[in-house]
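Colleague: Could you have a look at this structure, given as structure tokens, before my questions?
We did not get these values from a lab; they are worked out from the coordinates using the rules stated. This one's a predicted model, so the numbers in the text were calculated from it and none came from an experiment. Note that we place each Cβ from the backbone using ideal geometry, even for glycine, and neighbour counts take in every protein chain shown.
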Amino acid sequence: MEPSEQRIKIAVQKTGRLTDHSIDLLERCGLKLTRSKDQLICYGENMPIDLLLVRDDDIPGLVGEDICDLGIVGLNVVEEKRLNRAAEGRAIEFKQIYELDFGHCRLALAAPDGTEYNGPESLEKTRIATSYTGLLKHFLEENRVDAEPVYFSGAVEIAPKLGRADFICDIVSTGGTLKANGLVEVDTLLQSEAVVIQTQQPLGEAKQALVDKILQRLDGVLQVRESKYIMLHAPKDALAEIHALLPGSEAPTVLRLDGDDDKVAVHAVCRENVFWDTLENLKAAGASSLLVLPVEKMLA
Ligand code: ATP
Ligand code: ZN
């Protein structure tokens, strides 16, 4: 095994909404992992990459302080940390390098059903419960609104019922928690997803090359998730129409069919999922012998 300073350390959430997705993505990039007995580290067996399993709130700090080289964390946590550091007059020591297309959620404003809201000016002189004081203050300043953020470390949604706040500002994905508490979403402060952050410190050539390789593999992994390989037979005179119906495909391969001069075989990678109605439309356009296959790996 390489000396520890030559191994890449990635901070990943220990237990939570991002954990399984983060580890699964890295495994799909070819990383074989074993967990330490105390469950705090995953060692990479086949690449010099180890994962540190930590609370998500600690991830920007660990990367910023150069304890970890990379981190996988929600953009909401990254932006909150960035604004808090800026408010203290400190620089941010990590950079966002990749969007991972999972952990989608938004930082939203919500209020008890029936509350009047006609834009940020409706927040004037109200109290807003949140654990995201940095992002909330930024939003209030941008909109020149004077309102009072009330810090809650969790269970923000009960603040209005307790009479502690008029509005709440919290992370929402489906909106189920809001509804269960009689709250209605009125505005969005930030759209979030899981992102990769990297330390601002130079990594050195070997480590940076490995980071670049992982990012390229991530590209492939994210692309194939939706991609399908489609094969069909098409009348030659319907080729243009059929090509136009193939979702997210560039140049399809067109092959001669033995003993049939009117039809050709068309093979294409579709970078979007292929649904039944697409197949039915292709059939209506003259396609036959349609076959859709999953794509295992892709390298552009
Ligand atoms: P930790 O113990 O690591 O501090 P946590 O309770 O702060 O965990 P989770 O609830 O596991 O964090 O959420 C982690 C991230 O998942 C959030 O920061 C956010 O980016 C994303 N996320 C996606 N959907 C939701 C949601 N409905 N509620 C909260 N977070 C969500
Ligand atoms: Zn957290």
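Colleague: Net charge near Phe102: determine it from the other residues with C-beta under 10 Å of the C-beta of Phe102, scoring Lys and Arg +1 and Asp and Glu -1.
Modeller: Cβ neighbours under 10 Å give a net charge of -3.
Colleague: Strictly over 20 Å apart at the Cα level, which of Lys9/Lys37; Lys9/Lys297; Lys32/Lys228; Lys37/Lys213; Lys37/Lys95 would you flag in this model?
Modeller: Violating the 20 Å Cα-Cα cut-off are Lys9/Lys297; Lys32/Lys228; Lys37/Lys213; Lys37/Lys95.
Colleague: Oh, and also: Any idea which of Ile242, Phe152, Val12 is furthest toward the positive side of the dipole for the chain, if Lys and Arg beta-carbons carry +1 and Asp and Glu beta-carbons -1?
Modeller: Farthest towards the positive end: Val12.
Colleague: At 222 nm, what helix-only mean residue ellipticity would the chain give, in deg cm²/dmol to the nearest 500, using -39500 (n - 2.57) for each DSSP H run of four or more?
Modeller: Details: 8 runs with 82 residues, N = 300.
Using -39500 (n - 2.57) per qualifying helix, the result is -8000 deg cm²/dmol.
Colleague: Where in region 193-300 are there chymotrypsin sites (Phe, Trp or Tyr not before Pro) that are in a DSSP coil and have at most 12 other Cβ atoms within 10 angstrom of their Cβ?
Modeller: Values: sites: Tyr229, Phe275, Trp276; in loops: Phe275.
Sparse-neighbourhood loop chymotrypsin sites (Phe, Trp or Tyr not before Pro): Phe275.
Colleague: In addition: Would you mind calculating the gained length between Glu27 and Glu193 on full extension (0.36 nm times residue separation, minus the Cα-Cα distance), in nm to one decimal? Numbers along the way, then the final one.
Modeller: Details: separation 166, 0.36 × 166 = 59.76 nm, distance 1.95 nm.
Full extension from Glu27 to Glu193 adds 57.8 nm.
Colleague: To continue, here is another question. Return the loop-located GluC sites (Glu not before Pro) in region 57-115 (DSSP other than H, G, I, E, B) with at most 11 other Cβ atoms within 10 Å of their own Cβ; answer none if there are none. Provide the component values of the computation, followed by the final result.
Modeller: Values: sites: Glu65, Glu79, Glu80, Glu88, Glu93, Glu99; in loops: Glu65, Glu88, Glu93.
Answer by residue number: Glu88.
Colleague: Next up: Note down the Stokes-Einstein diffusion coefficient of region 228-294 in µm²/s, whole number, using a Kirkwood radius over alpha carbon pairs, 10 °C, and 1.306 mPa s.
Modeller: Working: Rh = 11.6 Å.
It comes out at roughly 136 µm²/s.
Colleague: A further question follows. Run the reach check for Lys179 against lysines, Cα to Cα strictly under 21 Å, same-chain hits fewer than 8 apart removed. What comes back?
Modeller: Lys161
Colleague: Suppose R0 equals 35 Å; then what is the FRET efficiency for Thr19 and Met231 from their Cβ-Cβ distance, rounded to the nearest 0.05?
Modeller: Values: r = 38 Å, r/R0 = 1.07.
Calculated transfer efficiency: 0.40.
Colleague: So, R0 is 22 Å and r is the distance between the beta-carbons of Glu148 and Thr177; what FRET efficiency does that work out to, to 0.05?
Modeller: On the way: r = 23 Å, r/R0 = 1.05.
The computed FRET efficiency comes out at 0.45.
Colleague: Restricting to the chain, compute how many DSSP beta bridges are antiparallel as a %, nearest 5. Write down the numbers at each step before the final one.
Modeller: Details: 47 of 62 bridges.
The antiparallel proportion sits near 75 percent.
Colleague: With bins 5 Å wide starting at 0, give me the P(r) of region 105-192 over every alpha carbon pair, in whole percents.
Modeller: Per 5 Å bin, starting at 0, the Cα pair percentages come out as 3, 17, 30, 29, 17, 4, 0.
Colleague: Could you work out Rg/(2.2 N^0.38 Å) for region 5-101, with Rg from alpha carbons only? Can you show the working numbers first?
Modeller: Details: Rg = 13.5 Å, N = 97, 2.2 N^0.38 = 12.5 Å.
Output field value: 1.08.
Colleague: How long, wide and thick is the chain, going by the Cα atoms along their three principal axes, in whole angstroms, largest first?
Modeller: So the extents along the principal axes, rounded to whole Å, are 78, 58, 34.
Colleague: Separate question: At a temperature of 20 °C and a viscosity of 1.002 mPa s, determine how fast region 176-263 diffuses translationally according to Stokes-Einstein, using the Kirkwood radius over alpha-carbon pairs as Rh; express D in µm²/s, rounded to the nearest whole number.
Modeller: On the way: Rh = 19.2 Å.
Estimated via Stokes-Einstein, D reaches 112 µm²/s.
Colleague: State the extension gain, in nm to one decimal, for the chain segment bounded by Asn273 and Thr34, taking 0.36 nm per residue of separation less the distance between their alpha-carbons. Present the calculation step by step, with values, prior to reporting the outcome.
Modeller: Details: separation 239, 0.36 × 239 = 86.04 nm, distance 3.30 nm.
Contour length minus the Cα-Cα distance gives 82.7 nm.
Colleague: Can you find, among Pro294, Val254, Val264, the residue farthest towards the positive end of the dipole of region 228-294? Put +1 on the C-beta of Lys and Arg, -1 on that of Asp and Glu.
Modeller: The residue sitting farthest along the positive end of the dipole is Pro294.
Colleague: For region 119-142 and region 197-269, what is the separation of their C-alpha centers, rounded to whole Å?
Modeller: 44
Colleague: While we're looking at this one, here's another question. Net charge around Gln201, counting only other residues with Cβ within less than 11 Å of its Cβ (Lys, Arg = +1; Asp, Glu = -1)?
Modeller: -2
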